[in-house]
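Following: one structure in structure tokens, then a few remarks.
The values are calculated or read from the model by the stated rules, or taken from the named source; none is laboratory data. A quick note: this is a predicted structure, and the numbers were derived from the prediction, not measured. Cβ placement follows ideal geometry from the backbone for every residue including glycine, while neighbour counts extend to all protein chains displayed. All accessible areas refer to the heavy atoms of the entire protein, side chains included, with ligands and DNA or RNA removed. Shrake-Rupley method; radii C 1.70, N 1.55, O 1.52, S 1.80 Å.
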Amino acid sequence: MWVKALWSREYEQSRLFFWAVPVVHFLALGFQRMNRWLFTELAVVNVRLQQIGHARIPFQEAYGNGEYETTGRLWLLLAMFVLALVQLGTERKNGSQELLFALPYSRRQIYMHKWLLGAALLTATVVLNTAIDMILVLNSPISGYFSLTYHLAELGYTWLTLLAIYSLVLFVGTITGTVAFQMVLSLVLFILPAGLIMILRSSLEVQGFDVVRPYDGDIGLSAWHDRLIDWLSLTTYLTADYDRLTWLKALVMLLLLAAALTCGMLAYERNRAENNGKLMVFSGWELALRIGFVVCISMIAGLFVSELVGFSKRIGYDIGLVAGFVLSTLAIRRLTRMRFHL
């Protein structure tokens, strides 16, 4: 149920974003389109039009295959990332979360108003700047290549991808105890899945396992390995050009959105304010953090030492693995027992 008081509170806390985010998106999308086609010498425009006419898919060439949309997506990501930090992390830092929980509203209502404000800001920004971009194209030298399908596809994909990642960062804020660690863990999630596969592959290769050796067939293990890394990286979805937008990518983002929103809501309802200042506010997530930290640092240490030991990479890896295990275990144990005020 919509509550005006909660909405007003969230808006006041994030008012600057409602003015800055649409402007930033316009500078990355519409303004760049204007620079290319409206603020350029006629001779240069004619050369570009000739290149479009000889392209395999002219309308895609006219739009630059989505390069401006990709740039706008990355700038919007930064804005939504910061918004998620402000909405949850700063409340813990300034102590206003306890007061918020004392209000006569359920935590689910509070969390949904936060998420809906972010969703509303993203929706308004993407729709507004897509409309401006459409008007610019229709009044530019490439008006003959105007494609409503192109604009709608880019709008829908950008909206879904950014809303999914925003929901993920917001979820991370519900399980972390500081705004600094919310930021760090969110950034780690951008590289963790693909990075972990690469570290594991390198570790197995040091031990003598050729995990990407092709087998007889059309697609080798190496191809599947590269494809898996590609699909598990959020960067792949953010930087996808127009010709790489697929329904499968959209489905993956939709599943991420549903999972992040559901998990975030459930975690916020069970939030333990007394653990604010710790790395993690839930013991279960703290255990997962410890295990993940120790495993990754141990393998990285093993790979590092294996490059230093000349007589045997395998022995060097084992030495580094053990040393990394001991040091990372001591470090994460100390870190999870500390309270931070960041």
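For the chain, the Kirkwood hydrodynamic radius from C-alpha pairs, put into Stokes-Einstein at 20 °C and a viscosity of 1.002 mPa s, yields a diffusion coefficient of 93 µm² per second. Excluding same-chain residues fewer than 8 positions from LYS4, which aspartates and glutamates have a Cα within less than 19 Å of its Cα? Hits, sequence-local ones excluded: GLU12.
In the chain, excluding the sites themselves, the longest stretch lacking any of the trypsin sites (Lys or Arg not before Pro) that are in a DSSP loop with at most 13 other Cβ atoms within 10 Å is 57-269. The relative contact order of region 282-341 comes to 35 percent, based on Cα pairs under 8 Å that sit 6 or more residues apart. For region 277-342 versus region 5-81, the inter-centroid distance based on Cα atoms is 42 Å. Applying 1/(1 + (r/R0)^6) with R0 = 41 Å to the Cβ-Cβ distance of VAL47 and LEU116, what FRET efficiency is obtained, to the nearest 0.05? Given R0 = 41 Å and the Cβ-Cβ separation, E is 0.30. The stretch between VAL295 and THR262 holds 9.1 nm of extra length on full extension. This uses 0.36 nm per residue minus the Cα-Cα distance.
Classify region 234-308: rounded, prolate or oblate, from the alpha-carbon gyration tensor (a ≥ b ≥ c, eigenvalue square roots; a/c under 1.5 rounded; otherwise prolate if a/b is larger than b/c)? Cα axes put region 234-308 in the oblate bin. A simple count of charges around LEU266, restricted to other residues whose Cβ falls under 14 Å of its Cβ and scoring Lys, Arg +1 and Asp, Glu -1, yields +3. Couplings 3J(HN,Hα) of region 81-94, computed from phi: 4, 5, 4, 4, 5, 5, 5, 10, x, 5, 5, 6, 5, 8 Hz, in residue order, whole Hz [Karplus 6.51 cos²θ - 1.76 cosθ + 1.60, θ = phi - 60°; x for Gly and Pro]. Shown is the FRET efficiency for PHE340 and PHE146, computed with R0 = 45 Å from the Cβ-Cβ distance and rounded to the nearest 0.05: 0.30. Of the GluC sites (Glu not before Pro) in region 53-126, not one is in a loop by DSSP (not H, G, I, E or B) with at most 16 other beta carbons within 10 Å. Build a GNM of the chain with springs between Cα atoms under 10 Å apart, and of LEU261, LEU330, LEU83 the one that fluctuates most is LEU330. For the chain, averaging the sequence separation of C-alpha pairs within contact (under 8 Å, six or more residues apart) and dividing by the residue count gives a relative contact order of 20 percent. Accessible surface area normalised per residue over region 282-341 is 65 Å², counting heavy atoms of protein chains with a 1.4 Å rolling probe.
In this simple spin-label model, placing a label point 7 Å from the Cα along the Cα-to-Cβ direction at both LEU287 and ILE315 gives a separation of 3.9 nm. Expressed as a whole percent, the accessible area of the chain that falls on carbon and sulfur atoms is 69 (1.4 Å probe). Put a dot 7 Å past the Cα of PHE101, heading toward its Cβ, do the same for GLU274, and the two dots end up 1.0 nm apart. Legend: calculated FRET efficiency, LEU189 to VAL127, from the Cβ-Cβ distance at R0 = 25 Å, rounded to 0.05, equals 0.35. When the square roots of the Cα gyration tensor eigenvalues are ordered a ≥ b ≥ c, the ratio a/c for region 282-341 is 1.5 or more and a/b exceeds b/c, which makes its shape prolate. Quick one: net charge of VAL45's neighbours, Cβ under 15 Å, K/R +1, D/E -1? It works out to a net charge of +1.
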